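Single-structure report; data block below.
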Protein chains: 2
Amino acid sequence: MAPLTLAVAVEDTRPDLSAIAAGADVAIRYATPAELPDAIDGADALLVWAFTAGGVADAWPRAAALRWMHVSSAGVDRVLTPQVVASDVVVTNVRGVLDDAIAEYVLGLVLAFAKDLPGTLRRQGERRWEHRPTERLRGARALVVGPGAIGRAIGSLLGGVGMGVDAVARSRRDGDATFAAVHGQADLGAVIGDYHYVIVAAPLTDGTRGMLDAGAIAAMAPDARLINVARGPIVDEEALTAALLRGDIAGAALDVFHDEPLPAEHPLWRCPNVIISPHMAGDFVGWRDSLLGVFLDNFARFRSGRPLLNVVRKELGFVV
Amino acid sequence: MAPLTLAVAVEDTRPDLSAIAAGADVAIRYATPAELPDAIDGADALLVWAFTAGGVADAWPRAAALRWMHVSSAGVDRVLTPQVVASDVVVTNVRGVLDDAIAEYVLGLVLAFAKDLPGTLRRQGERRWEHRPTERLRGARALVVGPGAIGRAIGSLLGGVGMGVDAVARSRRDGDATFAAVHGQADLGAVIGDYHYVIVAAPLTDGTRGMLDAGAIAAMAPDARLINVARGPIVDEEALTAALLRGDIAGAALDVFHDEPLPAEHPLWRCPNVIISPHMAGDFVGWRDSLLGVFLDNFARFRSGRPLLNVVRKELGFVV
């Protein structure tokens with residue numbers, strides 16, 4: 001086989017690519033964001049290992065030789081610039097690896113709200129014994145925004161514990177195997193008020209940016225909670241903050257934000273009834289090894305000319 | 001029908017018994033613990049509405065006319081004195097009403113540990129963004145101590161989300177529908193080390209008191225957590241406290257205690273990796289109405305001479 005050059009965009013950690021380096025005629029160039037323009041020059045393939053995908057857009061003008069870019073995350077919004085979309089470069093991601101862990105995380109957040117675990121821990125800190133009745137999952141209704149692989153894993157898990165689970169997709173459809181009803185995105189404002197939990201699991205695209213806007217949040221039920229494990233810009237953070245401060249909705253659990261890390265001065269940190277976590281919903285113990293496995297599998301396919309897995313439909317912004 | 005006298009042991013709240021009082025020749029005597037001896041004298045039936053069952057034991061010498069005692073909780077340990085067990089009084093409880101809510105609560109605690117929700121909330125209070133990988137439920141192993149109605153609901157729910165769930169019963173048995181394996185209590189120390197979560201759901205009886213003793217706790221795995229939603233005295237609280245302070249096990253979530261409310265000076269409040277809740281696992285919104293419904297159903301049966309539901313096998317200490 002012809003020699004190959006693989007650029008690897010890294011920040012804090014490097015993947016262990018010894019399996020590749022040992023066996024074949026492959027040049028591997030690890031590169032920080034600043035080093036990436038030189039590294040990408042002449043490279044056949046790019047592994048975006050750095051979660052933030054820092055430097056990819058800046059390096060792109062020198063990616064003339066690039067044929068394949070693999071992104072080690074489920075969302076590819078950070079790399080899909082207009083130039084990347086317009087190019088012939090094939091983009092793949094890690095679809096499937098994080099789904100079940102994210103679904104478990106969402107169930108944990110739902111139960112934290114239903115059983116008021118934050119309230120229990122707060123009272124524990126004050127050594128205060130104060131009995132409160134708690135909410136049942138059975139019979140509670142959840143709306144999953146984005147019924148892709150992750151949304152479907154969430155729907156299955158929540159449905160399995162007795163919740164009623166519907167979804168919002170680009171367009172309405174009947175007969176879904178996981179969701180009792182799949183509403184079209186245009187109807188979001190009309191249906192969102194029927195749900196106790198609104199769970200954002202959509203990819204960030206031009207079609208989903210700002211989808212949970214002030215109007216949608218205002219249409220939520222007063223006893224409803226918003227959970228976002230997808231991407232921050234799908235939700236209007238200012239409108240959400242205001243709604244939480246006014247008590248218009250019962251709570252929010254946010255794992256993703258417009259700016260990450262969430263700035264220390266951001267009012268969301270101290271809003272009432274909010275759970276803030278640092279973009280970790282899908283990152284189970286050993287997740288980096290699993291992410292690496294997906295890349296190595298695809299790399300073997302790339303080398304031998306077989307079809308790649310998890311090819312992103314770039315004009316849509318996700319794997320179909 | 002003959003006139004009846006119903007004594008009702010209350011503390012903070014009274015049940016709404018207007019459905020009884022309006023329709024029939026029934027004298028209802030609400031009584032605080034101090035008033036209970038006079039109220040029980042000559043009563044045909046006793047409804048123990050007060051959760052702590054305070055005053056029942058003291059009033060018992062004057063319960064000569066009593067034929068039936070209904071306890072508005074799942075556990076009947078607080079009323080089953082030797083005198084009550086030796087008497088002809090039929091004892092019933094609320095078996096079934098709280099099972100699913102308790103199972104949900106346990107799942108919430110398991111997820112709180114697996115996803116380190118307390119750690120996330122603690123960092124949130126400090127506005128600290130610190131990513132950590134979290135544990136998966138799928139593949140984690142749970143041991144339910146006490147496969148009665150509540151234990152079985154817990155087993156079903158945890159199994160449904162992908163955990164491997166076994167049980168400990170009085171004696172070993174094969175072919176259980178809910179649990180992959182049911183160990184005998186005598187083997188607890190030998191098997192307890194194989195589980196990530198040990199969940200106490202047994203009734204408090206002479207056979208279970210102190211069952212989770214220092215030896216059983218010492219045999220737990222270093223990465224295991226103990227969850228108790230049953231009764232405090234099933235667990236050796238001193239041994240557990242010491243194990244937590246030494247870091248011998250990874251955590252504990254306790255909803256029940258030797259002394260309730262847990263005294264403010266008790267070291268458990270501040271042990272590391274502990275979640276303390278005020279005996280509320282089963283108490284869902286509307287639970288008192290559900291508890292009342294079970295009593296009213298049984299009261300109608302009592303009046304018309306039909307068999308009562310949820311009759312406690314007093315020598316065992318639970319409904320078979």
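Do you know the relative contact order of region A:65-176, to the nearest whole percent, from alpha carbon pairs under 8 angstrom that are 6+ apart?
24 percent
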* For region B:60-134, what number results from the quotient of the Cα radius of gyration and 2.2 N^0.38 Å? -> 1.96
* **Length gained when the stretch A:Asp38-A:Arg138 is fully extended (0.36 nm per residue, less Cα-Cα span)** => 30.4 nm
* Structure fact -> With +1 at each Lys and Arg Cβ and -1 at each Asp and Glu Cβ, the charge dipole magnitude of the protein assembly as shown around its Cα centre, to the nearest 20 debye, comes out at 860 debye
* Of the listed peptides B:66-75, B:220-229, B:84-93, what is their order by residue-averaged count of other C-beta atoms within 10 Å, with the highest listed first? -> B:66-75, B:220-229, B:84-93
* Asked: How large is the helix-only mean residue ellipticity at 222 nm for chain B, computed as the sum of -39500 (n - 2.57) over DSSP H runs with n ≥ 4, divided by its residue count, in deg cm²/dmol to the nearest 500?
  -> -8000 deg cm²/dmol
* Asked: Which one of A:Pro267, A:Ala218, A:Gln124 has its Cα pushed farthest toward the positive end of the charge dipole of the protein assembly as shown, where Lys and Arg give +1 and Asp and Glu give -1 at the Cβ?
  -> A:Ala218
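So if we plug the beta-carbon distance of B:Arg288 and A:Arg128 into 1/(1 + (r/R0)^6) with R0 = 25 Å, what FRET efficiency do we get, rounded to 0.05?
Details: r = 22 Å, r/R0 = 0.89.
The calculated FRET efficiency here is 0.65.
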* Asked: Which percent of the Cα-Cα distances in chain A go past 34 Å?
  -> 29 percent
* Asked: Which of B:Tyr195, A:Tyr30 comes first, and how do the rest follow, when ranked by fewest Cβ neighbours within 10 Å?
  -> A:Tyr30, B:Tyr195
* To do: Would you mind giving the mean number of other chain beta-carbons within 10 Å of the Cβ of each residue in A:277-289, as a whole number?
  => 5
* Structure fact -> Rounded to one decimal in Å, the inverse mean reciprocal Cα-Cα distance for region B:42-180, i.e. its Kirkwood radius, is 18.3 Å
* Which of A:Val182, A:Gly164, A:Ala230 sits farthest toward the positive end of the charge dipole of region A:99-276, with +1 on the Cβ of Lys and Arg and -1 on the Cβ of Asp and Glu? -> A:Gly164
* Using label points projected 7 Å from each Cα along Cα→Cβ, tell me how many nm separate A:Arg313 and B:Ala19, to one decimal. => 5.4 nm
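Please compute, for peptide A:112-120, the average count of beta-carbon atoms on other protein chains lying within 10 Å of each residue's beta-carbon.
6
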* Structure fact -> Inter-chain shielding metric for B:130-142, i.e. average beta-carbon neighbours from other chains within 10 angstrom, reads 5
* To do: Mind giving me the nanometre distance, one decimal, between the label points for B:Asp206 and B:Ala27, set 7 Å out from Cα along Cα→Cβ?
  => 3.7 nm
* Would you mind giving the average projected area, over all directions, of the Cα convex hull of region B:99-276 in nm² with one decimal? => 10.3 nm²
* Asked: What is the Cα convex hull volume of the protein assembly as shown when expressed per residue in Å³?
  -> 185 Å³
* **Antiparallel bridges, percent of DSSP beta bridges restricted to chain A (to nearest 5)** => 10 percent
* To do: Could you let me know the centre-to-centre spacing of region A:58-95 and region A:174-201, using Cα atoms, in angstrom?
  => 31 Å
* Asked: Under Stokes-Einstein, with the Kirkwood radius over Cα pairs standing in for Rh, what whole-number D in µm²/s applies to region B:113-210 at 10 °C and 1.306 mPa s?
  -> 107 µm²/s
* Report, for the protein assembly as shown, the % of DSSP beta bridges that are antiparallel, rounded to 5. => 10 percent
* Share of antiparallel DSSP beta bridges in region B:99-276, in percent to the nearest 5? -> 5 percent
* Structure fact -> Computed over chain A: longest principal axis from alpha-carbon atoms vs helix A:149-160 long axis, angle to nearest 10 degrees, is 30 degrees
* Relative to the longest principal Cα axis of chain A, at what angle does helix A:99-114 sit, 0 to 90 degrees, rounded to 10? -> 20 degrees
* **Copy-to-copy label separations for A:Thr13, where each label sits 7 Å from Cα toward Cβ, in nm and ascending** => 4.8
* Of all GluC sites (Glu not before Pro) in region B:60-135, which ones are in loop regions per DSSP and have a Cβ with at most 13 other Cβ atoms within 10 Å? -> B:Glu126, B:Glu130
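Each reported figure results from applying straightforward, stated rules to the coordinates on display, with no laboratory input. As the structure is a prediction and not an experimental result, all values here were calculated from the model. Neighbour counts run over all protein chains shown; Cβ positions are idealised from the backbone, glycine included.
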